[in-house]
1. How much space per residue, in cubic angstrom, does the convex hull of the C-alpha atoms of the range B:254-316 take up?
2. Pick from A:Thr39, A:Thr22, A:Thr88: which is most flexible by mean-square fluctuation in a GNM of chain A where alpha carbon atoms under 10 Å apart are linked?
3. For the range B:1-87, what are Rg and Dmax over the alpha carbons, in angstrom?
4. In chain A, if every C-alpha pair distance is counted and binned at 10 Å from zero, what percent goes to each bin?
5. Can you grab the distance from the C-alpha centre of the range A:20-98 to the C-alpha centre of the range B:31-87, Å, no decimals?
Amino acid sequence: MIANTLTVLLILTGLGFFAAGTAGLLRFPDVYSRLHALTKADNVGLGLVILGLMFQAGGLADVLKLLLIWALVLAAGTTAAHMVAQRTWTHGDFESDR
Amino acid sequence: MNLLLVVFDLALLAGLIGVAWRCLASTDLFRAVVLFITFGLLLALAWVRLEAPDIALAEAAIGAGITGALLLVTLERLRVIIAGRRSDRPDTVPPDPSGPGAALQALHDPPPEPRTRLPALTFALVVGSLLVTTLWHQPDAAGLEPVVDAHMDASGVDHPITAVLLNFRAYDTFLELAIVLVALLGAWSLGRHDRIPARPAPGPILPGTLRLLVPVAVVTGVYVLWAGSHQPGGAFQAGAILGAAGILLVLSRPRRMPPPPGTLLRLGLGAGVGLFLASGVYGLLAGHGFLGYPPGWDYPLIILIEVAATLSIALTLVALFIAGRPEGDDRP
């Protein structure tokens, strides 16, 4: 019961972060602030969702797999954001160069 | 609870149709490719909802991931080709509408206004009503599930999907592998590849991340391949994961990758189909039927074929991404 409540609470909070990040992606004016909104909000949001799911995991192996997924998405997301930012820095705004 | 799931399914369906429509209607090719990748991910979710995690894995890895990467690199090549054409002709002569560059040019122009929608509408109505009629007359049965369940002990593996793919319907899987190989032969027959027009990002971030990610991808690929014998997974999904790792490596250091030795590369590319065919012909000669396994040998043979197929699929996907024969490979 406590585990279920915690799961629902954590995932709802995580979804809130996702919604905020998406709103930032849609509303912010330039690439850098969009990246700022997206990466931070999504990393925390995914972390909360994963934490919530851990309370439903069947054993230690599942918990570790969830942790691994979080770490991989963190690494991949950070790298992708860095590359988008770097390309914008050297080549200018993506849309203006097309 | 069920109501929530229905709402989720309806939202997913609406998203699928909406994304597909935006993808087809978009005149910007880059946007269309991004929407295509989004469509693939949503479709993977739909497969999960249909309780088909194997297809969901394959759709996410191959449909969205690898195909998306192939489309993006094609787009980049097209852009380089078009830019080359334009700089060849500094005086702005309008391109000959029947000339070789016209098709490429047309890719960037908005499509002409349709004169009438009547043919398209009629076609959609006819196909739609045919589909609905077919679905209406579907018998409400469990499909082939009971038949597969009844013969699971004869398959040599524990996972019904793998049993169907590698044993009961091995013919289909064999032809799928052959099609992937033929696609690569088609790409190679077009000639030697140009350098990938990607600009590797400067700085230590990308190589550092790859140093972390590629070993993890290799372990995950082998795990997915191994898992295929008793849970969702298998050669195509594992091959896609390994191929994605290879594509990342190629993308991040396009100049520093040594060309693979040609003979070894060809052996690896053909290993899946070759081994499958050899096993199938042996089965035929030994009296178990084409692509049948000798009794007691089904499990080791399936594992062997899956390993070879994974290797071939991964290599083929990377080779398709590079497109064309490797530089310095002049053999026919």
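1. On the way: hull volume 4.7 nm³, N = 63.
Measuring per residue, one finds 75 Å³ for the Cα hull of the range B:254-316.
2. Evaluated over chain A, the most mobile residue of the options is A:Thr88.
3. 16.2, 61
4. Answer for chain A: a P(r) of 16, 36, 28, 14, 5, 0 percent.
5. Centre-to-centre distance over Cα atoms comes out at 20 Å.
Bear in mind that the values in this text are calculations on the coordinates, not laboratory data. Since the model is a prediction, treat every value here as computed from it, not as a measurement.
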